[in-house]
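One structure below.
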Amino acid sequence: MIINYEGVDIKRDDRTILHDVNWRIDAGDFVYLTGVVGSGKSSLLKTLYGELDIAAGTANVLGQDMQRIKRHHLPALRRQLGIVFQDFRLLTDRNVHQNLDFVLRCTGWKRRAEREQRIDDVLGIVDLTDKKEAMPYELSGGEQQRVCIARAILNAPKLILADEATGNQDAESGRKTTQILQELAKGGAAVIMATHNNTLIQEFPGRVYECCNGQFIALEDDIPMADLANEDEE
């Protein structure tokens, strides 16, 4: 079990964002998180790595009780997660290899040969082996996002969070990003993808949850995608 939430309430500034969240995610699950702007998608994701406290209920993430976890234990929890952001957050003064090597060195990889092999491995997964020496500004938006995925999986995380990872991409780049994330789930990682792109949900099926009017709703497989229309990114 990767995530287990029972009766969880999430608040910001004493305002309840989501009420009575019940959620269980296991290794290999591929999960979509949908909802309009301000519905709580990002807030929910932030509770998974301790950036936002839960207000009530029980929450377990990767074996950690998120109600009781000590602040000094959060870095160890976060090292088991990979986070893919919409706005890339690459170091613009360093090439692809240097961006990835920086993360490895910061997370305790001492031996250069091992770092080089791991960089080659993750760039192969995202099909960017030929872009190792490229600067971020030389890459398309879709390629930059794939570098972000490579960065997120450097330490073989058990849980990958993709917060509107396809929001700034064209249709084909969004498909490639989603396909890579699904392959990572097939490899055993749990993947949560916050998105408002219903086309991707149709093409790459997964479990779908919606944040709506303070509620957290598990959508059935046969719910028409039209019911999710007009959703914007959070």
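Any read-out appearing in this document is the output of simple, stated calculations on the displayed coordinates, not a laboratory observation. Every value quoted in this text rests on a predicted model; they were computed, and no experiment measured them. Positions of Cβ are backbone-derived with ideal geometry, glycine not excepted, and every protein chain shown enters the neighbour counts.
What the table below lists for this structure:
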| read-out | value |
| --- | --- |
| Selection from ASN4, ASN22, TRP109 lying farthest towards where the dipole of the chain points positive, charges on Cβ | TRP109 |
| Dipole magnitude of region 39-183 about its Cα centre (Cβ charges: Lys, Arg +1; Asp, Glu -1), debye to nearest 20 | 760 |
| Which of MET193, MET66, MET1 has the fewest Cβ neighbours within 10 Å, and the rest in rising order | MET1, MET66, MET193 |
| 222 nm mean residue ellipticity, helices alone, for the chain (DSSP H n ≥ 4; -39,500 (n - 2.57); rounded to 500) | -9000 deg cm²/dmol |
| Neighbourhood net charge (13 Å Cβ-Cβ; Lys/Arg +1, Asp/Glu -1) for LEU181 | -1 |
| DSSP bridge orientation in the chain - percent antiparallel, rounded to nearest 5 | 50 |
| Residues LEU44, LEU62, LEU91, sorted so that the one with the fewest Cβ neighbours within 10 Å comes first | LEU91, LEU62, LEU44 |
| Relative contact order (%) - criterion: Cα under 8 Å, at least six apart; region: region 90-156 | 47 |
| Check: region 90-156 dipole with +1 on Lys, Arg Cβ and -1 on Asp, Glu Cβ, in debye | 360 |
| Label-point separation in nm, THR199 to THR92, each point 7 Å along Cα→Cβ | 2.9 |
